[in-house]
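The structure appears right after this line, and notes come after that.
The values are calculated or read from the model by the stated rules, or taken from the named source; none is laboratory data. A quick note: this is a predicted structure, and the numbers were derived from the prediction, not measured. Don't worry about glycine lacking a Cβ; one is built from the backbone with ideal geometry, like all the others, and counts go over all protein chains shown. Please note that ligands, DNA and RNA were not included when accessible areas were found on the heavy atoms of the full protein model with its side chains. Shrake-Rupley method; radii C 1.70, N 1.55, O 1.52, S 1.80 Å.
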Amino acid sequence: MAGQVELSEGLLDYVRSVSLRDDEILRDLVAETALMPALSAMVTSPEEGQLLALLVGLTGAVRVLEIGTFTGYSALCMARALPPGGRIVTCDISERWTRVARRYWARAGVADRVELRLGDASATLAGLLQECGPETFDLVFVDADKAGYTGYYEQALAHLRPGGLVVLDNTLFFGRVADPAADDPETEAVRALNASLYDDKRVDLSMLVMADGITLARKRNPSGEGAVR
């Protein structure tokens, strides 16, 4: 059985050359975000954005919920993949960064598919649950403050229909989750979520060793039908 390939810069360049289908708008958004030195690492990687778009299509998602917008790269990718009438609700606390997002959504022609809600994410999600009811979204992407990840995951499951998909970003957290000396609150929160997901029988689970770790959790039907054993 083959082991895990070490991803060098040269190999990453090769992978992108044969699979990445970004465009000028996406490249411009990455470039503008890169001018924010302290925050540039927060932008979704191009290959992850492409994966998110693929997952929207594979799941047949019509309603997508995103927790953590930043400058809007992932929302743009997912919005482009939605079918006619599809919609993404994205939540963030920063008006400053989401102003960048709005410009690029408009430039890409997807602004009418994206609903931005500003404010505390947990409060926004609670209000959205009252407004729309439970299990009304097909896919939820979580990429917000790591200390809140366990709470966001539980809220995501409440919003997600059976058979729907939760996608959690940064679940390797720069490799810190495997470092016993890393005991800061964000690392501990991601580590705790990873451990709880392993034992969570409500979902089927796979952690992808790409980007900064991407975990896929598919919500099982209450009957257990269609579960991956």
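Tabulated data
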{"item": "Enumeration of residues in the stretch 99-116 that are outside any helix (DSSP H, G or I) and open to solvent by less than 20 Å² (accessible area, probe 1.4 Å)", "result": "110, 114"}
{"item": "The stretch 117-142, residues that are surrounded by 15 or more Cβ atoms within 10 Å (Cβ to Cβ) and over 14 Å from residue 89 (Cβ atoms)", "result": "122, 135"}
{"item": "Some residue of the stretch 164-173 being within 27 Å of residue 73 (Cα to Cα) and surrounded by fewer than 16 Cβ atoms within 10 Å (Cβ to Cβ)", "result": "no"}
{"item": "Selection status of residue 72, open to solvent by less than 80 Å² (accessible area, probe 1.4 Å), touching a helix residue (DSSP H, G or I) at 6+ places or on another chain (Cβ under 7 Å) and under 17 Å from residue 109 (Cβ atoms)", "result": "yes"}
{"item": "From the options 48, 32, 66, 95, residue that is open to solvent by 10 Å² or more (accessible area, probe 1.4 Å) and touching a strand residue (DSSP E or B) at 6+ places or on another chain (Cβ under 7 Å)", "result": "95"}
{"item": "Any hit, the stretch 10-24, residues being of a type outside the set (Ser, Thr, Tyr) and touching a Lys or Arg at 6+ places or on another chain (Cβ under 7 Å)", "result": "no"}
{"item": "Residue within the stretch 146-157 that is of a type outside the set (A, V, I, L, M), open to solvent by less than 50 Å² (accessible area, probe 1.4 Å), in contact with a His (Cβ under 8 Å, 6 or more places away or on another chain) and within 15 Å of residue 219 (Cα to Cα) present", "result": "no"}
{"item": "Check on residue 80, open to solvent by 40 Å² or more (accessible area, probe 1.4 Å), out of contact with any Asp or Glu (no Cβ under 9 Å at 6 or more places or on another chain) and farther than 23 Å from residue 155 by Cβ", "result": "yes"}
{"item": "Hits in the stretch 185-224 - residues which are without any contact (Cβ under 8 Å) to a residue 40 or more places away in the chain, open to solvent by less than 40 Å² (accessible area, probe 1.4 Å) and at negative phi", "result": "194, 200, 204"}
